[in-house]
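A quick write-up on the structure given underneath.
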Protein chains: 2
Amino acid sequence: MNDFVFHNPDKVYFGRGQIEHLPEELLKYGRKVLLVYGGGSIKQNGIYDTVARLLQTSGIEMFELAGVEPNPRYTTANKGAAICKQENIDVILAVGGGSVIDCAKGVAAAAMTASGDVWELVSNRVWVTEALPVVAVLTNAATGSEMDTWAVISNQDTNEKIGLGGSALIPKAAFENPEYSFSLPTYQTACGAFDIFNHVLDNYYLAGDATFDMVLEFQEAVMRTVVKWAPMAMRQPDSYEARANLMWASSMALNTVLDGGTVHGCACHAMEHELSAYYDITHGHGLAIVTPRWLKYILDSTTAPAIYRLGVKVFGIEEGLEVVKGAEKAIDAVSDFCFNTLGLTATLSELGIDDKHFKDMAEHACFGGSISGPKTLTPSDVEAIYRMCL
Amino acid sequence: MNDFVFHNPDKVYFGRGQIEHLPEELLKYGRKVLLVYGGGSIKQNGIYDTVARLLQTSGIEMFELAGVEPNPRYTTANKGAAICKQENIDVILAVGGGSVIDCAKGVAAAAMTASGDVWELVSNRVWVTEALPVVAVLTNAATGSEMDTWAVISNQDTNEKIGLGGSALIPKAAFENPEYSFSLPTYQTACGAFDIFNHVLDNYYLAGDATFDMVLEFQEAVMRTVVKWAPMAMRQPDSYEARANLMWASSMALNTVLDGGTVHGCACHAMEHELSAYYDITHGHGLAIVTPRWLKYILDSTTAPAIYRLGVKVFGIEEGLEVVKGAEKAIDAVSDFCFNTLGLTATLSELGIDDKHFKDMAEHACFGGSISGPKTLTPSDVEAIYRMCL
């Protein structure tokens, strides 16, 4: 069991009647706000109007950065940083899903640098300790960006998609109204749900130290919640209970409550980021394709007990089987969840991806070295896993 | 499901090698520290020396308030507040279990008032928004005071024991080294474990809204962890795993991660505080005596499903029974945990308590009204529950 620090000062307002507190949270930092949002769905579902009205009646001046991409680009973040510098913005307000919040974090960090270029921070692996404050209004349960230290930024010129981290990137406040995710399409709901699931699985003990039961119990609780409520959210998009469970699971998965004492891994995330970077596919879908193959690839006598436990605790697989056999059943259950329950297509081929860039992608995923985790993955391991996904 | 706010800025350093960060946390607030501790066990187990050395080598001036009682008295807190005023103390350092941290919080709040009297705040039910900063070094997994907004203060003159709450009472930082609880006697370990368990059970949904699965799952995870690891900590006091699981469970139980969407209850705590106030018994022991009787008293067709679910999820009781029968089995399992597994005596009589003050205690427990929860309890209900405990 490793030593750890838990510190998450983000103030989360959760529920139907909380958005009225938005002005008081913004006014802690000033009166000039940069609103960051995506393709305009918040204009269709009324959230934009609600936010604009609240800001106006509170004497807050609103600037806008619209059109954030599903895999947010550094060029978009840089546009936002330029607005911040020009207009002396006090606080960034992200209204959207993980992409929008990630972009807002990129803006917040870049605005504090001389160059205003977020890619400079990303490519130099800077740990961000200075940024404009970010407040988030969440519309999609998925990335956990509403409570975490990370932003993932894409560079369309170089086919790179890389995480930017830093204590200053934790939002100051987050508003989570499950109703704001009612209008989310089924496909996005499924992809978001699997993103949450994988955030936990990527950090599950697998080949490590299984003695911090309190954390394992919490991890399994989040995965069970996703497995139970994602299908309901897909069948009945306006189920408040289903949306609330997914939204709170999203925040819990990455606010470090689940990290205590474990080795922080990110094998599937590292491999998937290359798929999104090269082919601009939806992150959660890429994860769903990669994850069961990764589990198969790393399965051996050292990882089997944890994979089997996952199957028992999360998918209700029977106890008492031979451990590798049990682990195989667990992997089947993960596959079934991805490709039947969530209805995501199971292969890269179906997304029009072939092996053309696998070698380069594998090198990138390993950042010139290897991916640590329950099994250390070299570029040739990663390439083999990509091939299993074809 | 109710709306809620989650906000807990406490920075927790967890593990063996973390105490070295103590000076940097204290120096955020100044160089004059009031060390608050209890009966001197920290001098026997070396923690006092460690802390004193760290402070001295960092140029921190240390004042002392020693001898905090197991049920901390307002008079002791007032002594601390007087030191703070006289010496211009910058930050309070609590080294001990919940009683010591609670007392430190009382000191921190009283030091900011004109009178310096914590009982004035307690008796006026003031929600504390201004207090000196508190940093905690935890030596006992129990009360959750290391991460929560509460302090429970006793008045020996009036036989009162009342909670003082406030956002300013959340510690700024907490140091949780499981090794610091190795020297805890078996009885204190058992009492602490049941305090944690009851913090969760008092807020379990019981007769309320069971649709926030994510929170229920977390609640059950904490209770399972206590049920699993308390016996190990009692058998093998230097088991790092057992102590770590109990310590992190203690913090999780009351840092509001488990509160989301639920109705915050405190029926058993309200009833037990009167036992401690009148008879100075150990809080967790009083809770263990009261809790199974309370469950029996509130058992009916509305509460049975939740009590049965508790039995299934936490104690592994078989599914599919008739629901009231299942709930009865669950209550038996709670009793068995209290009186067999934890080895606590089962009746008030064994602690030398008779019914002499029951009427007054019941009135006090209801604060002149009633106790809300799955069943509203009037003074006559409370008196009946006390009688079941004889």
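Quick look at the values:
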quantity	calculated
Filtered residue count, the range B:1-10, keeping only those that are under 21 Å from A:D148 (Cβ atoms) and facing chain A (nearest Cβ under 7 Å)	5
Scope the range A:41-82; condition more than 30 Å from A:S276 (Cα to Cα), of a type in the set (A, V, I, L, M) and part of a helix (DSSP H, G or I); matching residues	A:V51, A:A52, A:L54, A:L55
Residue count for the range A:324-354, restricted to those that are over 22 Å from the mean Cα position of the chain (by Cα), farther than 18 Å from A:L295 by Cβ and surrounded by 14 or more Cβ atoms within 10 Å (Cβ to Cβ)	1
Criterion: within 14 Å of another protein chain (Cβ to nearest Cβ) and either of a type outside the set (D, E) or not in a loop (DSSP other than H, G, I, E, B) (or both) - qualifying residue of A:Y205, A:Y187	A:Y205
Any hit, the range A:23-33, residues being touching a strand residue (DSSP E or B) at 6+ places or on another chain (Cβ under 7 Å) and within 13 Å of chain B (Cβ to nearest Cβ)	yes
Residue match in the range B:191-202 (condition: of a type in the set (F, W, Y), more than 8 Å from every other protein chain (Cβ to nearest Cβ) and assigned to a helix (DSSP H, G or I))	yes
Condition broken by B:E383, with the remaining ones in (1) part of a helix (DSSP H, G or I); (2) touching a residue at least 40 places away in the same chain (Cβ under 8 Å) satisfied	(2)
Matching residues, the range A:83-107, being within 20 Å of A:N140 (Cβ to Cβ), part of a strand (DSSP E or B) and among the aliphatic types (A, V, I, L, M)	A:I92, A:L93, A:A94, A:V95
The range B:156-175, residues that are surrounded by fewer than 24 Cβ atoms within 10 Å (Cβ to Cβ) and in a loop (DSSP other than H, G, I, E, B)	B:Q156, B:D157, B:T158, B:N159, B:G166, B:I170, B:K172
Candidates A:T129, A:T76, filtered to the one that is within 30 Å of A:L342 (Cβ to Cβ), without any contact (Cβ under 8 Å) to a residue 60 or more places away in the chain and not assigned by TED's automatic domain parsing to the domain that holds A:H364	A:T76
Positions within the range A:301-355 being among the acidic types (D, E) and closer than 16 Å to A:I281 by Cα, in sequence order	A:E350, A:D354, A:D355
Yes/no for B:Q56 being surrounded by fewer than 17 Cβ atoms within 10 Å (Cβ to Cβ) and modelled with pLDDT of 95 or more	yes
Complete set of residues in the range A:361-383 that are under 14 Å from A:L299 (Cα atoms) and modelled with pLDDT of 95 or more	A:L377, A:D381
Residue within the range A:45-55 that is in contact with a Lys or Arg (Cβ under 8 Å, 6 or more places away or on another chain), among the aliphatic types (A, V, I, L, M), in contact (Cβ under 8 Å) with a residue 12 or more places away in the chain and in the same structural domain as A:K161 (by TED's automatic domain parsing) present	no
From the options B:K172, B:K85, B:K161, residue that is assigned by TED's automatic domain parsing to the domain that holds B:T75 and within 18 Å of B:E64 (Cα to Cα)	B:K85
Scope the range B:210-226; condition under 17 Å from A:S250 (Cα atoms), part of a helix (DSSP H, G or I), at the interface with chain A (Cβ under 7 Å from one of its Cβ atoms) and not acidic (D, E); matching residues	B:M214, B:F218
Evaluation of A:C84 against (1) in contact (Cβ under 8 Å) with a residue 40 or more places away in the chain; (2) away from chain B (no Cβ under 14 Å); (3) in contact with a helix residue (DSSP H, G or I) (Cβ under 6 Å, 6 or more places away or on another chain) (one fails), failing number	(3)
The range B:345-359 residues that are assigned by TED's automatic domain parsing to the domain that holds B:G286 and in contact (Cβ under 8 Å) with a residue 12 or more places away in the chain, paired with ones that are of a type in the set (K, R) and not in a loop (DSSP other than H, G, I, E, B) (beta carbon under 8 Å, 6 or more apart)	B:D355/B:R387; B:F358/B:R387
Candidates A:D259, A:D280, A:D300, A:D238 - the one that is closer than 22 Å to A:E160 by Cβ, among the charged types (D, E, K, R) and assigned by TED's automatic domain parsing to the domain that holds A:P379	A:D280
Selected residue [at pLDDT 95 or above and either out of contact with any helix residue (DSSP H, G or I) (no Cβ under 9 Å at 6 or more places or on another chain) or under 20 Å from B:D148 (Cβ atoms) (or both)] from B:E20, B:E61, B:E24	B:E24
Options B:Y13, B:Y37, B:Y48; residue that is within 14 Å of chain A (Cβ to nearest Cβ), buried (at least 17 other Cβ atoms within 10 Å of the Cβ) and among the hydroxyl-bearing types (S, T, Y)	B:Y13
Candidate set from the range A:141-155 (those that are of a type outside the set (D, E, K, R) and part of a loop (DSSP other than H, G, I, E, B)); member that is nearest to A:A173 (Cα to Cα)	A:M147
All helices (runs of 4 or more DSSP H) inside the range A:235-330 with 2 or more residues being within 14 Å of chain B (Cβ to nearest Cβ) and under 20 Å from A:A221 (Cβ atoms)	A:240-254, A:304-315
Residues of the range A:42-65 classified as under 25 Å from A:V122 (Cα atoms) and touching a Gly at 6+ places or on another chain (Cβ under 7 Å), total	1
Counted residues, the range A:25-40 - those being more than 27 Å from the chain's Cα centre (by Cα) and not in a loop (DSSP other than H, G, I, E, B)	2
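Residue-by-condition table, conditions (1) of a type in the set (V, I, T); (2) more than 23 Å from B:E25 (Cα to Cα):
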{"site": "B:A111", "(1), (2)": "no, no"}
{"site": "B:V122", "(1), (2)": "yes, yes"}
{"site": "B:P133", "(1), (2)": "no, no"}
{"site": "B:S154", "(1), (2)": "no, yes"}
{"site": "B:T189", "(1), (2)": "yes, yes"}
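The values are calculated or read from the model by the stated rules, or taken from the named source; none is laboratory data. Quantities reported herein were computed from a predicted structural model and do not represent experimental measurements. Note that we place each Cβ from the backbone using ideal geometry, even for glycine, and neighbour counts take in every protein chain shown.
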